[in-house]
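See below for the structure under consideration.
The values are calculated or read from the model by the stated rules, or taken from the named source; none is laboratory data. Everything quoted here is computed from the prediction, not taken from an experiment. Note: ideal-geometry Cβ built from the backbone for every residue, glycine included; neighbour counts use all protein chains shown. Areas reflect the complete protein model, heavy atoms only, side chains present, ligands, DNA and RNA absent. Shrake-Rupley method; radii C 1.70, N 1.55, O 1.52, S 1.80 Å.
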2 protein chains.
Amino acid sequence: MLRKTLGRAVALAAAFAVSAAPALADEGMWTFDNFPAAKVQGAYGVKIDQKWLDRVQAASVRLTSGCSASLVSKDGLVFTNHHCVVDCAQSLSDGKTDYVRDGFLTAARTEEKKCPGMQAEVLVGVTDLTADIARATAGKTGLDFVKARDAARGAAETVACGGDPAFRCQLVTLYRGGQYKLYKYRKYADVRLVFAPEFATAFFGGDPDNFNFPRFNLDTAFVRLYEDGKPISSPQHLIWQSRAPKAGEVTFVSGNPGGTDRMLTVAQLETQRDLALPVGQLQRSELRGRLIEFSGRDAESKRIATDPLFGVENSFKVYYGRQFALNDRAFMDAKRAAEADLRAKVAADPRLAADIGDPWGEIAKAQTAYGDRYLRYRQLEQAAGSLSETFTYARELVRAAQERAKPSAERLPEYGDAGLALMAKEILDEQPVDPTLEQLYLAFWLSKTREYLTTDDAAVKLLLGKESPEGLAARLVAGTKLGDPAERKRLWEGGLAAIAASDDPMIQLALRLDPAARAVRTAWETEVSGPTDRAAERIARARFAAYGDAVYPDATFTLRLSYGKVAGWTYRGVTIPPFTTFAGLYERATGADPYKLAPRWEAAKGKLNPDTVFDFVTTNDIIGGNSGSPVINAKAEILGAAFDGNIHSLGGDYGYDGAINRTVVVATSAATEALEKVYGQTALVKELTRK
Amino acid sequence: MLRKTLGRAVALAAAFAVSAAPALADEGMWTFDNFPAAKVQGAYGVKIDQKWLDRVQAASVRLTSGCSASLVSKDGLVFTNHHCVVDCAQSLSDGKTDYVRDGFLTAARTEEKKCPGMQAEVLVGVTDLTADIARATAGKTGLDFVKARDAARGAAETVACGGDPAFRCQLVTLYRGGQYKLYKYRKYADVRLVFAPEFATAFFGGDPDNFNFPRFNLDTAFVRLYEDGKPISSPQHLIWQSRAPKAGEVTFVSGNPGGTDRMLTVAQLETQRDLALPVGQLQRSELRGRLIEFSGRDAESKRIATDPLFGVENSFKVYYGRQFALNDRAFMDAKRAAEADLRAKVAADPRLAADIGDPWGEIAKAQTAYGDRYLRYRQLEQAAGSLSETFTYARELVRAAQERAKPSAERLPEYGDAGLALMAKEILDEQPVDPTLEQLYLAFWLSKTREYLTTDDAAVKLLLGKESPEGLAARLVAGTKLGDPAERKRLWEGGLAAIAASDDPMIQLALRLDPAARAVRTAWETEVSGPTDRAAERIARARFAAYGDAVYPDATFTLRLSYGKVAGWTYRGVTIPPFTTFAGLYERATGADPYKLAPRWEAAKGKLNPDTVFDFVTTNDIIGGNSGSPVINAKAEILGAAFDGNIHSLGGDYGYDGAINRTVVVATSAATEALEKVYGQTALVKELTRK
């Protein structure tokens, strides 16, 4: 699954084509202002003009939960994936109603329910500020560079939005520092759930089939954007196309790929391969085991753990693929060759060489500090608290109180004025917090921190004192009141005084840890991220000089467009056709989880057209964060929603191979047929198909 | 911990000294017939003669559970580690008595209890059969080579022991095929538990302190060898030395290092690094998480899971260290240099070059098949059933019935006549089987098999049919009777007819899987292990030609002697002294698990001499399987039992670095003081210290 927080990763035993720089056919997650329209016209005979691009951009939606989506009716109806709203469905459920298991249906708009913490955003403008940031950071290195850049970023964001609460402004670092652009979004903070199928239908085949194909998933959902208590007006929506896609049909994916690492240097890739990925996977694997065993306790534990387990297993598979991409010697050799090509081009031009210097060497040097500092940085700052929501609340409340006491430009960047509204929404919206899961997450994090940093580490002693990880976790969860939104509101509004006066044990833990966590972060920025980011700017300049605009930036969870076509693939002599049908679903069902049909689908079997195209694959180049992206044809009609990649695409973080990498899409044809015949959502179908 | 099944692994961020071939100072796990006595005399001024060697060999004991030990009294008393008998203590416990938590004490020999499945062995003779095996395998390759070698091995073992049930004969492959030697052991199948401390005492500091130092572990235990219901007579025992060891004192470790991979080619190491180690660790990590969560359910679950969780966590740390050794570029560069040195020496001698050919190339080629076949081989054969005891019984009963119907030389080698007695003992001895743990292991294995081989794999379909992994596991455990030793006896003795007639679901599963498992094993031997073993013989010959007898063979869980001295170490400017004392234990205790003292130790605090040397470190080169090995001085007096390595030694599987690799030993001084003042085991102390 392609949720942003999860990312994606490489064919477990596949050969990789890695482009040195100019993108291969169908490769690329292109910005709308540098889309290779001529190349597409040459390859597919389709002309993409500015009007087409503007129209698609206006209908493309970003969900702050880490997904993409599209407007599909004039009344703010938004089409996305089920796995992009499963967290919402879980939050709206309790021990009695279970919208994850049973699905969420509405007979009228009054039944639509607000998704806690969710915000939708539509990109309305882009301004190039590369020169401004260059001026603000001129001559600075290391921590000074980081501070100057972040201050300039915060200031630019504040100026661009001018305090208008209907907008959100973000300075985006493209090409790893080759460009800095200000993205302005129209934002919608009231997003309501309209329709979600059963988990068993959306995620049929579960983890074993995840990232595989053929697939039989109705990974679809609808939400609606509201303002002032009413659905918004959205004349710019895409046209819903109920017919099935055709083999070879040209397809475009408009969405927000979360992040790629295709421009990392070889030294950086080696650090990922040898340190960051394995440590992350080992911890994730253990957490997975804990969650599986937890969810086997009883029905309520299973209900509570369904979404978290899905998230952890999805990430596991993503990073498994990434690890094996980097362990593939042919792949790494191709990366080395690409780097050598760029360096040779720089070396061949004395003026360029003088400007660029040796950023590769600087980054390689920073890897030593990375290795020395990574475990402490990870455990105390980057992944502190594991998935605990109350710890995250505590840390954000503590830091927000500390940071908001400073001028915006001097704060940690995530606490700058431009980001506070969304942060407040995420902290203050009412969300259920499960204490048993909280305890599991905290005991896990504390015990891994002790394991990786050792019992004798000063920060570990600070965290644990004389308690065990399990004992401390139990005491924290029993004592904290941060599950209550009123208490969070009190602390958010009360600022430093309220935090200092709080006897909440979670707040106290976050306060106790904070100096050590900030110290490790400062060291990281000084020795690792600062020097790396600074060097990466010059590598980007070298790339522009060598290859012009025939390169696309690494993904940044901002709007991109990819092109391709509906096509299966052939691997080791086996050809996989591009389509599945409803008939295939019934053939694959065994009656045992995760191949068990939801009761509505059992009942609807005779009513459905078995030949309805269900899921299909295209050659589009996408990655986690693209989940829910509209897959559209040359007429900007929507044919489906991207929800996954095939197994070969799991190395997509580092490179694209058009021969075997595929985007997996749930077809609008399937959604239309199912909404009508399985779920009886006639009003919804009418809204979608109204001309 | 150094139990054999667990192995060990490299300093997480340390530089490695890897010897090209002639061993570095203190390096090596030497066979008794090629001990570098002159080198030791030069370094330490101590003369080791044949008499000394014979005497130490006669007192050295191998435990078939994967440990080492030593005779320490004339009445068959054997000294080893607690973690070598914890499985026995667990088997002898139930919901009411818990010898793991509470320890096992005896006031008289009549209270000593038989350890199920445990056998002790003392090496009595070694015969070189290298030429015989060469004749039997002449001209053969691949599977033919494997079959011919295994048949010759079985025949040699049968001949050497002549059917005498008091002995066990094993053909040992030394230098990865450079030598084949017949090892003859006097065996003792009646091993009884005499003394074990509390788990909290033996494993104080638990997993966080495991493989670290300073340590405060009484990782000691005593068992006694019986024959015909009486303790054996063992005049050849080592002398118990109650005084503390001295810094710089020369030390010898006599034991059975389980296995090392120091002679693997670079291509093999890369496969370990990129495939086998990561897959194993990811699965192990998840199993660890499942066991942790399982053991948190209630006190009985905790009791049941204590030993299994210890085993999994110990292995995790071992392989973590190995992974990071192989991820260390400097380490791999040293391995490459060593290989290049040997290849250059071969190439420089035309006659040698013609004899040796290109075994490195042959092994590199076999890595492709390794990569293609590994996951199926692992899930269906090598690690089938995960840790499930009933599945293991089922598979062994099924295969034993099939194999025993053939002549010994045509069987799978583990079912040859020479091995059947021990196998029968392990299958037929009464051992408790916990159904909830069994279900956990089976569901884990089945779900990982589906995950790694995919839902559509033929063997996965064969295993699961229409059931889920969890559903099938529950049905198997509910239906099997293999937890009952009488049923196992019936099937063992009933042979093929009894197996065919059995309606036990576990037997039926093993039967159903067996053809696929055998097929994957045959393919593995044909394409991977056969060619690799054949090529390795020639690499060994090249090494002998290049370096003479200044090389020691990779460890093979057979008797070896290492030398060194009592010494701390310095790493990154921090110096670790070689000793800990009882006082340090009391300082480190927090009252929270795993730093909680057992009640007896709380009570004994005032009575103990706080300056008693507790644990200490030496430079000896050891590895998993050496657990329980006597650490002796130049007079062959016993100073302690090796029980661990420091964190830097975790790469010991691949290489030894005398600057920082250390053996961790529990001192006889501590054992004596504790037996007397904490446990009141006066008879035992008297037996140990009697002149």
**Fill in**
Just one listed residue, out of B:Leu171, B:Leu218, is out of contact with any Ser or Thr (no Cβ under 9 Å at 6 or more places or on another chain) and buried (at least 21 other Cβ atoms within 10 Å of the Cβ), and it is B:Leu171
**Asked** Restricting the search to the range B:246-290, which residues are β-branched (Val, Ile, Thr) and touching a strand residue (DSSP E or B) at 6+ places or on another chain (Cβ under 8 Å)?
**Response** B:Val250, B:Thr251, B:Val253
**Fill in**
Out of (1) free of Cβ contacts under 8 Å to residues at least 40 places away in the same chain; (2) open to solvent by 70 Å² or more (accessible area, probe 1.4 Å); (3) acidic (Asp, Glu), the one A:Asp164 does not meet is (2)
**Request:** May I ask you to list the residues in the range A:445-467 that are touching a helix residue (DSSP H, G or I) at 6+ places or on another chain (Cβ under 6 Å) and open to solvent by less than 10 Å² (accessible area, probe 1.4 Å)?
**Result:** A:Leu446, A:Lys448, A:Thr449, A:Ala459, A:Val460
**Message:** Can you go through A:Ala247, A:Ala221, A:Ala299 and tell me which one is closer than 25 Å to A:Val685 by Cα and either within 14 Å of chain B (Cβ to nearest Cβ) or aliphatic (A, V, I, L, M) (or both)?
**Reply:** A:Ala221
**Prompt:** Of the residues in the range B:468-478, how many are away from every other protein chain (no Cβ under 14 Å) and either under 18 Å from B:Glu426 (Cβ atoms) or open to solvent by 30 Å² or more (accessible area, probe 1.4 Å) (or both)?
**Reply:** 1
**Asked** Taking the range A:381-407, which residues are under 20 Å from A:Ala156 (Cβ atoms) and open to solvent by less than 30 Å² (accessible area, probe 1.4 Å)?
**Response** A:Glu403
**Prompt:** How many residues does the range A:495-517 hold that are open to solvent by 30 Å² or more (accessible area, probe 1.4 Å) and either touching an Asp or Glu at 6+ places or on another chain (Cβ under 6 Å) or in contact (Cβ under 8 Å) with a residue 12 or more places away in the chain (or both)?
**Reply:** 3
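The rows are residues; the columns are (1) in a helix (DSSP H, G or I); (2) within 30 Å of B:Phe104 (Cα to Cα); (3) modelled with pLDDT of 95 or more.
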position	(1), (2), (3)
B:Arg215	no, yes, yes
B:Asp219	no, yes, yes
B:Phe222	no, yes, yes
B:His237	no, yes, yes
B:Pro257	no, yes, yes
B:Gln268	yes, no, yes
B:Gly280	yes, no, yes
B:Arg288	yes, yes, yes
**Prompt:** Taking B:Ala486, is it open to solvent by 50 Å² or more (accessible area, probe 1.4 Å), more than 19 Å from A:Arg288 (Cα to Cα) and not acidic (Asp, Glu)?
**Reply:** yes
**Request:** Mind listing whichever residues of the range B:303-334 are more than 21 Å from B:Gly651 (Cβ to Cβ) and within 11 Å of chain A (Cβ to nearest Cβ)?
**Result:** B:Ala305
**Request:** Output the residue which, of all residues in the range B:590-630 that are polar (S, T, N, Q) and over 30 Å from B:Pro36 (Cβ atoms), is surrounded by the fewest Cβ atoms within 10 Å (Cβ to Cβ).
**Result:** B:Asn609
**Prompt:** Within the group B:Phe211, B:Phe222, B:Phe204, which residue is touching a helix residue (DSSP H, G or I) at 6+ places or on another chain (Cβ under 9 Å), of a type in the set (A, V, I, L, M, F, W, C) and on the phi > 0 side of the Ramachandran plot?
**Reply:** B:Phe211
**Message:** Only one of B:Ala160, B:Ala120, B:Ala138 is at pLDDT 95 or above and within 28 Å of B:Thr265 (Cβ to Cβ). Can you tell me which?
**Reply:** B:Ala138
**Asked** Somewhere in the range A:43-60, is a residue open to solvent by 30 Å² or more (accessible area, probe 1.4 Å), at negative phi, at pLDDT below 95 and not in a helix (DSSP H, G or I)?
**Response** no
**Fill in**
B:Ser447 fails exactly one of (1) under 19 Å from B:Leu282 (Cβ atoms); (2) in contact (Cβ under 8 Å) with a residue 24 or more places away in the chain; (3) at the interface with chain A (Cβ under 10 Å from one of its Cβ atoms), namely (2)
**Request:** Collect the residues in the range B:63-91 that are open to solvent by 10 Å² or more (accessible area, probe 1.4 Å) and under 22 Å from the mean Cα position of the chain (by Cα), keeping them in residue-number order.
**Result:** B:Thr64, B:Ser65, B:Asp87, B:Gln90, B:Ser91
**Item:** The one condition in (1) assigned to a loop (DSSP other than H, G, I, E, B); (2) of a type in the set (A, V, I, L, M); (3) without any contact (Cβ under 8 Å) to a residue 40 or more places away in the chain that A:Val685 fails to fulfil
**Value:** (1)
**Prompt:** Are there any pairs, at least 6 apart or on different chains, whose C-beta atoms fall under 8 Å, with the first in the range B:128-156 and at positive phi and the second surrounded by 15 or more Cβ atoms within 10 Å (Cβ to Cβ) and small (Gly, Ala, Ser), and if so, which?
**Reply:** B:Gly142/B:Gly530
**Fill in**
Here the residues within the range B:543-569 that are at pLDDT below 95 and open to solvent by 60 Å² or more (accessible area, probe 1.4 Å) are B:Asp549
**Request:** Starting from the range B:348-367, take each residue that is within 15 Å of B:Gln268 (Cα to Cα) and list its partners that are among the basic types (Lys, Arg) and open to solvent by less than 70 Å² (accessible area, probe 1.4 Å), counting only C-beta distances under 7 angstrom and pairs at least six apart or across chains.
**Result:** B:Pro359/B:Arg538
**Item:** Contacts under 7 angstrom Cβ, first residue in the range B:281-293 being more than 14 Å from A:Pro278 (Cβ to Cβ) and more than 7 Å from every other protein chain (Cβ to nearest Cβ), partner open to solvent by less than 10 Å² (accessible area, probe 1.4 Å) and small (Gly, Ala, Ser), 6 or more apart
**Value:** B:Leu291/B:Ala305
